[in-house]
Amino acid sequence: MNQHNRQNTPVLDSYWMPFTANRQFKAAPRLLASAEGMHYTSVDGRKILDGTAGLWCVNAGHGRRQIAAAVERQLSTLDFAPSFQMGHPIAFDFAERLAEIAPGGADGKLDRVFFTGSGSESVDTALKIAVAYQRSIGQGTRTRLIGRERGYHGVGFGGISVGGLVNNRRVFPLIPGTDHLRHTHDLAKNAFVKGQPEHGAELADDLERLVALHGAETIAACIVEPVAGSTGVLIPPKGYLERLRKICTAHGILLIFDEVITGFGRLGASFATDYFGVTPDLVTTAKGLTNGAIPMGAVFASRKVHDALMHGPEGQIELFHGYTYSGHPAACAAGIATLDIYRDEDLLTRAAALQDDWHEAMHSLKGLPHIADIRTIGLIAGIELTSREGAPGARAYDVFVDCFERGLLIRVTGDIIAFSPPLIAEKSHIEDIVSILGDALKRAQ
Ligand code: PMP
């Protein structure tokens, strides 16, 4: 039975919503019914401009028939096939397509691809590959994993352990042997910057501190988001990632870039790895991999890492790890169709061409009430608000609700507003974002 009441609102009882204040939401739900291009339509028929590409994932915009058709074709041909000790062509085809655009420069492409079902799974997969790699080269004491304060790496036990968000960590047991670099956010030195801030490269030396504290021979890998997204758009200071790469190399520590947000065009390059010109050993991805249409993630590994693990005894499984849905045929079909769209519509070039207008527009909001900082890179923006006294996050949440009511979807985390519009955005969409957000800020208490 279709359990909808007169306003098109479904019964809300049974669904336990993720990362949501369930009781607050269910008292005043915001429900999206359909989507096309740059817009959602709410269940009450209002058009909502998507300022966040869904959850940083719908890079080619909504309602892509090409992806739907590819998935439909694949499901009616081969709906599912076991991925352990069995294969199906489309997973190999997709991996080859990804290898063509794999992150990495002259020092080697990361063109070996392990499929997962999400960003969280990609992160835990990369952490496990790193530890397994170290063991395979005779460095079995290297099991420690280094993350960074204010890092977000999904919600697996590995991801929350290397992650740096207290709310995601405090209730749960964490995996032993992790530690964290300091974060790079410094409003006193770096407020209202377009692109990479000038100050803070030396914060990468924090890894030297952890090496001195724990011993390099205990450390397997260091994971960072090249641009931290979910924790409020923290952009790496100039020189920081380069320095981190050098320190990792000097101490035999693998460097992992978590590109779940930055992968697939967000910065106007295929990967942040290429944008910043710093090549890690492993890259985690998801989201834009399939334009958000079908859940999927992928870990890109260097040949050095991959090949080291391929040297065990013949006939033995090289890595005791994988998911029922690794390389799912429907997800691979969605992924290939997505890569076709990125290529055929030249969406990365488009994103790169749009970024100056984007930065100008976002920074034009400076001077409006409550704004403590505006930071932009690629087609990302973070707008940090001052906190309302005694109620951190409340002001940004009010702005979020106000924007939604006036037809704009934004994302808030604490007192920071994040934007990541689909790469198909036009200047007029950017103007709409600025205008609706500007009005909401003027109204905010
Ligand atoms: N890593 C990063 C950098 C992310 O931004 C996210 C999701 N926002 C994840 C991992 C987790 O991805 P998922 O929600 O698909 O598990």
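Just so you know, all these numbers are worked out from the coordinates, no wet-lab data involved. Predicted model, so just to flag it, every value in this text is computed and none were measured. Neighbour counts are summed over all protein chains in view; Cβ atoms, including those assigned to glycine, are modelled from backbone coordinates with ideal geometry.
What is the stretch 182-244 by shape, rounded, prolate or oblate, if you read a ≥ b ≥ c off the alpha carbon gyration tensor as root eigenvalues and call it rounded for a/c under 1.5, prolate for a/b larger than b/c, and oblate otherwise? Can you show the working numbers first?
Working: a/c = 2.53, a/b = 1.95, b/c = 1.30.
Judged from the Cα gyration tensor, the stretch 182-244 comes out prolate (a/c at least 1.5, a/b above b/c).
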Return the single residue from Gly195, Gly159, Gly229 with maximal mean-square fluctuation; model: Gaussian network over the chain, springs between Cα atoms under 10 Å.
Gly195
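Any idea what diffusion coefficient the stretch 295-386 gets from Stokes-Einstein, in µm²/s, Kirkwood Rh on alpha carbon pairs, 4 °C, 1.567 mPa s?
Details: Rh = 17.9 Å.
So the translational diffusion coefficient is about 72 µm²/s.
DSSP loop (so not H, G, I, E, B), at most 14 other Cβ within 10 Å: list which chymotrypsin sites (Phe, Trp or Tyr not before Pro) in the stretch 272-333 pass both filters.
Filter output for the stretch 272-333: Phe320.
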Which aspartates and glutamates, if any, have their Cα less than 20 Å from the Cα of Lys128, not counting same-chain residues under 8 positions apart?
Asp111, Asp179, Glu217, Glu225, Asp258, Glu259, Asp281, Asp307, Glu318
Relative contact order [Cα under 8 Å, 6+ residues apart], the chain, whole percent:
21 percent
Per-residue ellipticity at 222 nm attributable to helices in the chain (runs of n ≥ 4 DSSP H, -39500 (n - 2.57) apiece, nearest 500 deg cm²/dmol) works out to -10500 deg cm²/dmol
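For the stretch 170-315, rounded, prolate or oblate, judged on the Cα gyration tensor with a ≥ b ≥ c (square roots of eigenvalues), a/c < 1.5 rounded, else prolate if a/b > b/c? Each step should come with its number before you reach the end.
Working: a/c = 1.60, a/b = 1.13, b/c = 1.41.
Oblate.
Let's see if you can work this out: charge +1 on each Lys and Arg Cβ, -1 on each Asp and Glu Cβ, no other charges. What is the dipole magnitude of the chain about its Cα centre, in debye to the nearest 20?
On the way: 43 positive and 49 negative charges, 173 e Å.
Charge dipole, the chain, about its Cα centre: 820 debye, nearest 20.
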Going by Cα centres, the stretch 152-195 and the stretch 221-236 are how many Å apart?
8 Å
Asp186-Arg30 pseudo-label distance in nm [points 7 Å out on the Cα-to-Cβ vector]
3.5 nm
Under a GNM of the chain (C-alpha, springs under 10 Å), which listed residue has the highest mean-square fluctuation: Val224, Val299, Val401?
Val401
In nm, to one decimal, how far is the Thr349 label point from the Thr41 one, both placed 7 Å along Cα→Cβ?
3.4 nm
For the chain, report the % of Cα-Cα distances exceeding 36 Å.
26 percent
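Fewest to most neighbouring Cβ within 10 Å: what's the order for Leu409, Leu213?
Numbers: Leu409 22, Leu213 9.
Fewest to most other Cβ atoms nearby, the residues stand as Leu213, Leu409.
Identify the GluC sites (Glu not before Pro) of the stretch 359-420 meeting these criteria: DSSP loop state and at most 13 other C-beta atoms within 10 Å of the C-beta. Present the calculation step by step, with values, prior to reporting the outcome.
Details: sites: Glu360, Glu384, Glu389, Glu405; in loops: Glu389.
Taking the stretch 359-420 and a limit of 13 other Cβ atoms within 10 Å, the loop GluC sites (Glu not before Pro) found are Glu389.
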Running a GNM on the chain with Cα contacts under 10 Å, which residue among Ala201, Ala95, Ala21 ends up with the highest mean-square fluctuation?
Ala21
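Given a Förster distance of 51 Å, report the FRET efficiency between Phe80 and Gln445 from their Cβ-Cβ distance, rounded to the nearest 0.05. Kindly include the intermediate steps, with their values, before the conclusion.
Values: r = 52 Å, r/R0 = 1.02.
Once rounded, the FRET efficiency stands at 0.50.
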Within 10 Å of each residue's Cβ, count the other Cβ atoms and sort His328, His311, His214 from fewest upward.
His311, His214, His328
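Of Val58, Val434, how do they rank once you tally other Cβ atoms within 10 Å and put the fewest first?
Working: Val58 26, Val434 15.
Going from sparsest to densest Cβ surroundings: Val434, Val58.
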Values of log10 I(q)/I(0), in the order q = 0.13, 0.15, 0.19 Å⁻¹, for the stretch 307-445 under a Debye, Cα-only, solvent-free model
-0.70, -0.81, -1.04
Cut-off under 29 Å on the C-alpha distance; same-chain residues fewer than 8 positions from Lys442 excluded. Which lysines are left, in chain and number order?
Lys26, Lys47, Lys189, Lys194, Lys366, Lys427
